[in-house]
Amino acid sequence: MWARSSSTLCWSGLVWATASKPYTSPIRLALARVAGRITVDNFWVSIPTSFAQICADRHSTRGFLSQAVPTEVLEQLLITARMAPSGANLQPGTFTQVKGSVREELSADLVRAWRAGEAEVEDYDYFPKPMPMTLRKRQVAAAQALYGALGVPREDRQGRDAQFERNFRFFDAPVALVITLEHGFGSGGYMDLGMALYGFMLAAQTHGLSTCAIGAMASYPTRIREHLALTPNSVVVCGMALGYADPDAPVNQTRTERCTLNEYFRVVG
Ligand SMILES: Cc1cc2nc3c(=O)[nH]c(=O)nc-3n(C[C@H](O)[C@H](O)[C@H](O)COP(=O)(O)O)c2cc1C
């Protein structure tokens, strides 16, 4: 995905000149798209063009450059995400961007609570209880991919905790979002919101941006409601980190696998 290929050198001058402050004009973005690359702080960022490639390229990113995401880009991603279908077109869920001192205080509070081993009753259940062995194997493989990329061995509790704690700091991404569900929606509301979330992630990908959903945020719904001045009936679904991936962050080498087609597709009749 990341490249400084000499084959793009002739384009590079053009894109560099026109898109070194990417997305501030439609012309810059259009040129970057033609070239298939944009530059962010001298790094090449691929702009995938086919839908399958966009889906294949997206992966959870947990290390970001400090490069800011322009507000108009964030707004465009949210507008695109809202194209998702929803039952009766109810369009459930809210994205709250958390900035400045609110973000600092929220992260500090969550990290402190987590370090102290303080737990809250979560607003909703995520994982099956008990976890069937087939799913447990996938969970373990995902953890191995993450901690393997970081070079943190299984017995290194401190190393694992240090990475887990980063969830509560939105992985230091330039954009931090908290996603909530209001009005007492049932499971259908989560399904609808999930489609919007994936739309958001894929839209980000088409802008050379990267994301990580943060379910860990849902561990502290009461604290999050307080910090964000949310209504008591707001369900904290997850967080979202958004920004330009740091190509040098080992954690971004994490890659997960998918099960085979015959494990989730069957034909009857
Ligand atoms: C709703 C949701 C919540 C997630 N929560 C976390 C999280 O709290 N921390 C984390 O590091 N990754 C989190 N992830 C990322 C998953 O671990 C990741 O999507 C999965 O392992 C597949 O890898 P990929 O996204 O790189 O394809 C979450 C993903 C989703 C969709």
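Numbers below:
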{"quantity": "Pairs with Cβ under 7 Å, 6+ apart, first in the range 114-137 and farther than 27 Å from T231 by Cα, second in a loop (DSSP other than H, G, I, E, B)", "calculated": "L135/P128"}
{"quantity": "Hits in the range 106-118 (condition: part of a loop (DSSP other than H, G, I, E, B) and surrounded by 11 or more Cβ atoms within 10 Å (Cβ to Cβ))", "calculated": "E118"}
{"quantity": "All positions within the range 64-103 that are touching a residue at least 40 places away in the same chain (Cβ under 8 Å) and in a helix (DSSP H, G or I)", "calculated": "E72, V73, L74, Q76, L77, L78, T80, A81, G87, V102, R103"}
{"quantity": "The one condition in (1) within 16 Å of the ligand (Cβ to nearest atom); (2) of a type in the set (S, T, N, Q); (3) crowded, with 18+ Cβ neighbours inside 10 Å that S234 fails to fulfil", "calculated": "(1)"}
{"quantity": "Whichever residue in the range 165-191 is among the hydrophobic types (A, V, I, L, M, F, W, C) and either loosely packed, with under 13 Cβ neighbours inside 10 Å or more than 15 Å from the chain's Cα centre (by Cα) (or both) and, among such residues, is nearest to G87 (Cα to Cα)", "calculated": "M191"}
{"quantity": "Residue within the range 215-222 that is among the β-branched types (V, I, T), over 14 Å from L181 (Cβ atoms) and within 11 Å of the ligand (Cβ to nearest atom) present", "calculated": "no"}
{"quantity": "Residue in the range 132-149 that is touching a Lys or Arg at 6+ places or on another chain (Cβ under 7 Å), surrounded by 12 or more Cβ atoms within 10 Å (Cβ to Cβ) and part of a helix (DSSP H, G or I) present", "calculated": "yes"}
{"quantity": "Yes/no for R154 being over 23 Å from R112 (Cα atoms), in a helix (DSSP H, G or I) and away from the ligand (no atom under 13 Å from the Cβ)", "calculated": "no"}
{"quantity": "Selection status of V121, in a helix (DSSP H, G or I) and loosely packed, with under 13 Cβ neighbours inside 10 Å", "calculated": "no"}
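All of the numbers you see were taken from the coordinates with simple rules; none came from a lab. Since this is a predicted model, take the numbers as computed values, not measurements. A quick note on method: Cβ atoms are made from the backbone with ideal geometry, for glycine too, and the neighbour counts reach across all protein chains shown.
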